[in-house]
Each structure stands twice: as C-alpha cells, then as structure tokens.
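Shown next, in structure tokens, is the structure this report addresses.
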Amino acid sequence: MSASKADAVVATPTQPPRNDAPAGGSSSHKRPRRRGGPLRLVSPYLMVAPAILGIAFLLFYPVVKNAILAFKNYGRRDFTLGLSGEWIGLDNFKEIFQDSEFWEVLRRSFWFTAINVVSIMVISTLIALMIMKLGKSMRILVLISLVAAWAMPVIAATTVFKWLFRSDNGVVNWLLVQLGFESYDGYTWFAHGGSTMFVIILLIVWQSIPFATLTIYAGLTTVPDEVYESARLDGAGPVRIFRSITFPMLRPIFLLVTSLEVIWIFKCFAQIWAIAGQNGPLNEVSTLPVYAYQIGMQLKRFGMAGAVSTITVVILAAMMVVYFRQLFKQEREAEKA
C-alpha cells in the first residue's frame, strides 16, 4: 500500500455490540404485576359502605317501618305501653279512601304543587336569562342576593313573611293602602284559607327561586355564544331563540330542576304548619304531609297516619319513575344522534 493511500485511511474505534431489544420484544426489566387479592376486590365496596349504610338507616328503614305501621291498628295506648299494635291488613287504607277529606287534601296537594312549580320555573328562567344580560357588577350583586335568600332558614323566612302580612302593622297592608286599596286596611290574611294559601305559595316560590335560578343560569353559561349569534343573523328573535336553541340544549337541566321542585313542594310541611298550624285555617290549606301529621300527632291514630304517609311515598316514587324514564329516553336519543 502506498504512503498516500495509507494517509487517507482513518482508523475508526471499534464500538461495542448493542443489546437493544427487538421491536415488539419484551424487555428484560419488567414492572412487577400487582397481585390481586380478596381485599383489593372488596375495597371499593368497603369505601362506599358507610354511605350506603347511612342511607339505608336514615331513609329505607323509616320507610319500611312506616309501611308496616300502615297495616296495624296502632294508637295512643300502644305507643304509651310500647306495644306492637294489632295487625289489621288494609283496613286503614279502606278507611282513608272512604274519607272525603282525604280526597280533598289529595286534590289540594296536586294543584298546590302545580301552581308552585309552574311559578318557580317561569320566574327562575326569566331571572336566569336576565342575569345573562347584566354587566359583571350587577350580575355578582344579583347572584349574591340569590345565595343569601337561599341560605335563610325556613322558619326564619316564614317568620319574616308572617310579619310582612300582619293585620295591624304589616308592611303589605300599609303598602296596599298607600296604593289606593283601602279595603286592605287591617286585613287579616291568616283568617281565610284562600289568603293564607296565597301567602304560603308566595313564601315557597320565594324560597325555591334561588336554587332553580342558579341551576338554570349555570346551564345557560355552557351554551356557546356562536350559536346565538348565528340565530340572530338568521333573523330569530328572543322567543324563537329560547324555543329552538336554549330549551332543547338545556332540556335535561329543566327536567332535573322541575322534578326536584315537584318532590320538594309535594312533601312541603314546615311552611304550611308554621303559618297556619297555630290559630290558622289549617284544614283549608293542609296537604298530604300536614294531613298525616294531624292524624298521627293530634288524633293519635298512628296507623292511619302511616297509611297516609305510605300513599305519599308511593306518589313521590311514581314521580321519580316518570323522571328517570324521561332521563333515559333523552340519553338514548343522544346516543342515536
């Protein structure tokens, strides 16, 4: 080999062989697999067990005991002596269904619930839409006011409303007289069933609006602004936008709020009893929960009260079935879309 060629040769160092594993091959360093055991299998159930036991004790146990009580003749003597009562089958239910007062209370419960729910949903929807149009400062002020009204205890709010509608120095009577309605000077709101029911409905609507409004407002914030802009460019007005865009997109939220309000109002007790329970026309404004309380605590017919309460639970359960059917129907429609 010539010197020129030798100078052109560059010596390369020998590289050690690579031990890369082939693609798809297994590495020599594997993560240790977690060993499954009985404790690992049951640990999720152990974590939710306290909540399930609490619900079973606080909800299902009273419901079952109340249902059993509905089939017994259980009165003052049995309660005082700690007796179990006499099993009489369906006699309590037969007596209730033959009582005309029960059917009057049942009808009142349904239209009372309907008026409240419709009023709450309409007013709450309008307030939520108004909040969307407000500036930041006013929006925060309105939201704080709603939360403050929602946080007020039931009995405290009821006491305030009783003060407002007092016959001697109530603000409502004074305001109506100042507006020219002289007939309301010294008017006794809690002496008649119709006026008392009006105050109760006004109170319940006022207490329920914050939850419904905040929930609907939270749903409205999720609707993209581009959808509204496209609808306005196409010439759609506010009513058409709500009917064709807002309501269809927020239908699950409206269904949820409506169902919860129906349940809460149908089993409403504290407001009715606090306003009309003492020296008020209670028999003219009572609903099923109040009627059951009257039979049980005043007449000491606990078996009959248990039967009325069981009927109330069955009605509420039927309402929940309707709600879940609508919910599952919407989920199926969403999956098909």
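Assorted remarks:
- Residue check for Phe247: in a helix (DSSP H, G or I), closer than 30 Å to Tyr228 by Cα and without any contact (Cβ under 8 Å) to a residue 12 or more places away in the chain: yes
- In the stretch 232-243, of all residues being over 32 Å from the mean Cα position of the chain (by Cα) and assigned to a helix (DSSP H, G or I), the one that is surrounded by the fewest Cβ atoms within 10 Å (Cβ to Cβ) corresponds to Leu233.
- Neighbours by Cβ (under 8 Å, 6+ apart or cross-chain): first from the stretch 294-307, among the basic types (Lys, Arg); second part of a helix (DSSP H, G or I): Lys300/Arg76; Lys300/Phe79; Arg301/Ile295
- Inter-residue pairs, beta-carbon under 6 Å, first closer than 18 Å to Val117 by Cβ and assigned by TED's automatic domain parsing to the domain that holds Leu69 and in the stretch 313-325, second surrounded by 13 or more Cβ atoms within 10 Å (Cβ to Cβ) and modelled with pLDDT of 85 or more, 6+ apart: Leu316/Ile263; Met319/Val262; Tyr323/Ser259
- Annotation note: Cβ proximity below 7 Å between a residue of the stretch 118-130 that is part of a helix (DSSP H, G or I) and a residue that is surrounded by 18 or more Cβ atoms within 10 Å (Cβ to Cβ) and of a type in the set (D, E, K, R) (sequence gap 6+ or interchain) occurs for Ile120/Glu261.
- One residue from Gly186, Gly170 being modelled with pLDDT under 90, over 21 Å from Leu214 (Cα atoms), of a type outside the set (S, T, N, Q) and touching a Ser or Thr at 6+ places or on another chain (Cβ under 6 Å): Gly186
- Just one of the numbered conditions (1) over 19 Å from the mean Cα position of the chain (by Cα); (2) within 29 Å of Pro248 (Cβ to Cβ); (3) surrounded by fewer than 13 Cβ atoms within 10 Å (Cβ to Cβ) is not true of Val142: (3).
- Residue in the stretch 168-182 that is out of contact with any helix residue (DSSP H, G or I) (no Cβ under 8 Å at 6 or more places or on another chain), small (Gly, Ala, Ser) and surrounded by fewer than 16 Cβ atoms within 10 Å (Cβ to Cβ) present: yes
- Wholly within the stretch 8-117, helices (runs of 4 or more DSSP H) carrying at least 3 residues that are closer than 30 Å to Leu260 by Cβ and modelled with pLDDT of 80 or more: 38-55, 61-69, 91-97
- Members of the stretch 145-162 that are surrounded by 12 or more Cβ atoms within 10 Å (Cβ to Cβ) and not aliphatic (A, V, I, L, M): Trp150, Thr158, Thr159, Phe161, Lys162
- Complete set of residues in the stretch 195-229 that are touching a Ser or Thr at 6+ places or on another chain (Cβ under 9 Å) and free of Cβ contacts under 8 Å to residues at least 12 places away in the same chain: Ser195
The values are calculated or read from the model by the stated rules, or taken from the named source; none is laboratory data. All values derive from a computational prediction rather than experimental measurement. Neighbour counts run over all protein chains shown; Cβ positions are idealised from the backbone, glycine included.
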